[in-house]
Every structure is written in structure tokens, then in C-alpha cells.
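Visitor: Would you mind keeping the following structure in view while I ask a few things?
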Amino acid sequence: MRAYDIIYKKREGQKLNKEELEFLINGYVAENIPDYQMSAWAMAVYFQGMDAEETANLTMLMAKSGDMIDLSPIKGTKVDKHSTGGVGDTTTLVLAPLVASAGIPVAKMSGRGLGHTGGTIDKLESIPKFNTSLSRDKFFDNVNQHGVAVVGQTGNLTPADKKLYALRDVTATVESIPLIASSIMSKKLAGGADAIVLDVKTGNGAFMKDLKSAKKLAEAMVEIGKELGRDTAAYITDMNQPLGNAVGNALEVKEAIKTLQGKGPEDLTELCIELGSGMLQLAGKVKDTEEGKNILREKLNNGQALAKFAEMITAQGGNSEVVEDLSLLPTADATFEVKAERSGYVSEIKALDVGVAAMILGAGRENKESKIDLAVGLELNKKIGDQVSKGDTLAILHYNNKKNLEEAKQKLLKAFTITEAKKEKNKLIYEIIK
Ligand code: URA
Ligand code: CA
């Protein structure tokens, strides 16, 4: 077999069989196939696409290119949740203890933030002494004993995807549905999930800007799940403004705690209840969405979800008093209120600009080596549909370094569009694909 012939075949729009994909992926990881041939192939896929079987084969080959985590020491159906990435997406912090409090095991591996998107592991590390790097055995023990653990990725997971994603990033081949779908699903498979709930974000702050492409991606991933025997449900959700009000690490932990106390922002609370209900359904715990949502609302109202979060924090070495005393979390030295420059209604909040404003304050990494400040970030005071008068506070910036304050302020002001006409709130969930 020759890489040339495989590239040629895909260029001509033909379907690649499993052996050909295997030759390509394994050869690439082993460094027998150079970047230039792999990028030509990726560009051919970009233009010609791949069918469901090809995409599923590629997914499995990438999953198997490194460690495959075996979650079988954990009892029960392991349902993983994945978000395609947004701004101020605090859902995992809420969902993990919430779903666990309903009796479904949550063995979650999460990542760190990069650029304008935050990462759950960074956020959790703002809890004093919280340990995100448990050994494999301790991770399993914690889930079996407490029903939940959230840790950083360890080991050599999906090296084929790491290499290919980095290559796509510099060869204008990221935006291909089969390549994105297989990239995401390969990581979920290697992570050992039995079933998967996907939160596919759409809107100005998301990877998929419009509903049509978000739907295509969701369908491709659900199809891969079907082909590979992992029950998958994809929720297409709104990212035309940040989720909840807080953007920034410790600020989002505070927001998660308030949400677990039943006092969180409406959009974040509703999304967690919807996605959580999807997880309960895939785990076979409830028969329909309504039953799942009722159980989870009850867990938020009766304090059991919050108690589960405290239990998880203690089990991972952290100070669980934070759930009662938010002042134990890192706090920025100063705050600054960004005021509206005109009156009207908020009609748009560009999530990307809000994420960049938080990054400028130090909440996010500009590159993999940057250090982040866990205390800083921002809180939105107004969301789409809200009425504002000139001089009202749009957002509160939390900062430690005055140097970047003006730039962050300008970025935030640019994110808001205020119009005379009232804009209705966006839908939170556009569609569920199963
Ligand atoms: N996220 C991923 O994990 N992979 C992609 O290809 C795109 C977004
Ligand atoms: Ca948030």
C-alpha cells in the first residue's frame, strides 16, 4: 500500500476502506507517513467528505492509536458529557455532582483552557487544595465510593488525533465535519464512555457559527456512536452569548455553587437539567426527559446536589467549606464596572469578545505556556433581551493588574450591542438529535 494511492483515491471522491485508513493513521503516528502527505489527505477529505462507515472507522483507529481507558472497574453505565466549547461554560462543574447525586456514576476527565475558552480542570484548581491528578486506582475508587470524580487527562490518549489536529490547524483543514466528528468521538471512546451526551454549541461564540452546520456535526457524531455501539445524544444549544453570568475560573466555581444551591442563572440551570436528564436517560435510570428533569430539580432544591459537590471536593483533597463560604475562593484585588454608553435593549453579546476580555484580564491562556490568574474574570450584569439605561452596569470586571483593564473594558463594550428595539431571548436548546 502507498500513501499516494490513498490520497489519490480520496481526491477522486472514492470511499477508503478500513485497511487503507489503518495504513494512513498508524503510519502517521509511527512517522512513516510525513506531514505533507497527511495534509494532502486531510484537504482531500475536506473537499470530498467521508461517509458514516469511513468516519466511524477513522474514529476507532484514532481512539486505538494510544491508551484506551477501561472503566469497567466502575460499576454501572458510564455516561460521558462533552461540550464543543463555549465561553463561560460552567456546566461540567454543576453536572458532575448533580448527576452523581441522582445515583449515576460520573467518571469525568476534563481539560485545561486555551484561548478564550476555559477548562474545567483550571476552574476546579481554584478550590483550595483540590487535586485534579489522581492515580487511576484512586480515580476508580472515588467514583465507586462517592459516585463522582473529575480529573485531568493522563496517559497517552489519542496521539493520532493530537498530531492530526495540530496539522489541520495550520493547513486550513479544521472545518471538516467528518474530521471534527471523528476527532471529538475518538477522545470519548478512548476515555472509556459507554454512552455519550454531546453539547454542540452554535452561535457567534461557538465553533459552529450557524445552526445548519451544528446540526450536521451533531448528526455525524450520533451516527459514529451508532456505528460503534455507544448510545449518543446530541443537544444543539445556544452560544450567541456566554452561558450564565460568570466567565473566569474562581468566578465560575462560585457560579456553579450558587447553581447547586438552586440560586444560579436561569440559562445555566436549565441547560444542566436538560443535559443531566439526557445522561440519566442514557444510563437507563429514567424513562423520559420529564422524569429526569424532575429528579434533578429536586436534587438542586433539597441540597443533595450541593452536598455531593462538597463530598467530591473532600474526596479529592480540597476544602469543601467553600460550598458554604465563597470567600475561601481566590478573589481579585479590585473590580471595575463597565457602564452602558446608551439606553435601549441588549440585542447581542458576542461571546467570543467576552471570552477574550476575560483572557486579557488573565483568566485564559494566550498559549499553552501562559500562566493564568484564577481569581480574575468578569460577571455579566445584563443578558440578551434586558433593558438598559445609559450608565447602567453591563458587567463587572475582576482584576489584579490595572495594566490591561482599559483593553478588557473596550473589548467588553464592543461585545455588547444595544438597540432601540427589544430583541427576544434566544432559544437555549434548538434541537436534540439521537
Ligand atoms: N474539537 C476537537 O476536539 N477536534 C476538532 O477537530 C475540532 C474541535
Ligand atoms: Ca458561566
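Visitor: Looking at the stretch 18-34, I want the residues that are hydroxyl-bearing (Ser, Thr, Tyr) and have a partner that is surrounded by 11 or more Cβ atoms within 10 Å (Cβ to Cβ) with Cβ atoms under 8 Å, at least 6 apart or on another chain. Which pairs are those?
Guide: Here the result reads 28/38; 28/160; 28/163; 28/164, each pair linking the stretch 18-34 to a residue that is surrounded by 11 or more Cβ atoms within 10 Å (Cβ to Cβ).
Visitor: Still on this model: Scanning for something modelled with pLDDT of 95 or more and either under 26 Å from residue 262 (Cα atoms) or aromatic (Phe, Trp, Tyr) (or both), does the stretch 402-415 turn up at least one residue?
Guide: No, because not a single residue in the stretch 402-415 is modelled with pLDDT of 95 or more and either under 26 Å from residue 262 (Cα atoms) or aromatic (Phe, Trp, Tyr) (or both).
Visitor: May I pose another question? With respect to residue 87, determine if the residue is aliphatic (A, V, I, L, M) and over 26 Å from residue 135 (Cβ atoms).
Guide: Against the criterion (aliphatic (A, V, I, L, M) and over 26 Å from residue 135 (Cβ atoms)), residue 87 qualifies.
Visitor: Report, by residue number, each residue of the stretch 271-292 that is within 17 Å of residue 97 (Cβ to Cβ) and away from ligand 2 (no atom under 12 Å from the Cβ).
Guide: 273, 274, 275, 276, 277, 278, 279, 280, 283, 285, 292
Visitor: Looking at (1) under 28 Å from residue 372 (Cβ atoms); (2) in contact (Cβ under 8 Å) with a residue 40 or more places away in the chain, which one does residue 166 not meet, given that it meets all the others?
Guide: So the condition that residue 166 fails would be (2).
Visitor: I'd like the residue in the stretch 115-135 that is in contact (Cβ under 8 Å) with a residue 60 or more places away in the chain and more than 15 Å from residue 90 (Cα to Cα) and, out of all such residues, is nearest to the chain's Cα centre (by Cα).
Guide: 115
Visitor: Residue 128 versus (1) more than 16 Å from ligand 2 (Cβ to nearest atom); (2) farther than 25 Å from residue 327 by Cα: which is the lone unmet condition?
Guide: The number of the failed condition is (2).
Visitor: Which of the following residues is under 32 Å from the mean Cα position of the chain (by Cα) and aromatic (Phe, Trp, Tyr): 28, 8, 4?
Guide: None of the others qualify; the one that does is 28.
Visitor: Return the residue satisfying two criteria in turn: it lies in the stretch 148-189 and is in a loop (DSSP other than H, G, I, E, B) and in contact with a Gly (Cβ under 7 Å, 6 or more places away or on another chain), and of such residues it is nearest to ligand 1 (Cβ to nearest atom). Full working, then the answer.
Guide: Keep residues of the stretch 148-189 that are in a loop (DSSP other than H, G, I, E, B), which gives 153-158, 170-176.
Filter once more, so that each one left must be in contact with a Gly (Cβ under 7 Å, 6 or more places away or on another chain): 153, 156-158.
Values: 153: 12, 156: 16, 157: 12, 158: 9 Å.
Looking at residues that are in a loop (DSSP other than H, G, I, E, B) and in contact with a Gly (Cβ under 7 Å, 6 or more places away or on another chain), I get 158.
Visitor: Restricting the first residue to the stretch 225-251 and requiring it to be more than 16 Å from residue 394 (Cβ to Cβ), which pairs with a second residue that is charged (D, E, K, R) and away from ligand 2 (no atom under 16 Å from the Cβ) meet a Cβ separation below 6 Å and a spacing of at least six or different chains?
Guide: So the pair list comes out as 233/434; 236/431.
Visitor: Then there is this: Quick test of your reading of the structure: residue 196 fulfils all but one of (1) within 16 Å of ligand 1 (Cβ to nearest atom); (2) modelled with pLDDT of 95 or more; (3) in contact with a Lys or Arg (Cβ under 8 Å, 6 or more places away or on another chain); (4) farther than 21 Å from residue 62 by Cα. Name the failing condition by number.
Guide: (4)
Visitor: Give the residue that is farthest from ligand 1 (Cβ to nearest atom), with candidates limited to residues of the stretch 82-97 that are within 13 Å of residue 238 (Cβ to Cβ) and part of a loop (DSSP other than H, G, I, E, B).
Guide: Selected residue: 88.
Visitor: May I ask you to list pairs of residues, at least six apart or on different chains, whose Cβ atoms are under 8 Å apart, with the first in the stretch 315-332 being at positive phi and surrounded by 19 or more Cβ atoms within 10 Å (Cβ to Cβ) and the second being modelled with pLDDT under 95 and hydrophobic (A, V, I, L, M, F, W, C)?
Guide: Taking only residues 6 or more apart or on different chains, not a single pair turns up.
The values are calculated or read from the model by the stated rules, or taken from the named source; none is laboratory data. Computed from a predicted model, the values in this text were never measured in an experiment. All Cβ positions, even for glycine, are placed from backbone atoms using ideal geometry, and neighbour counts span all protein chains on display.
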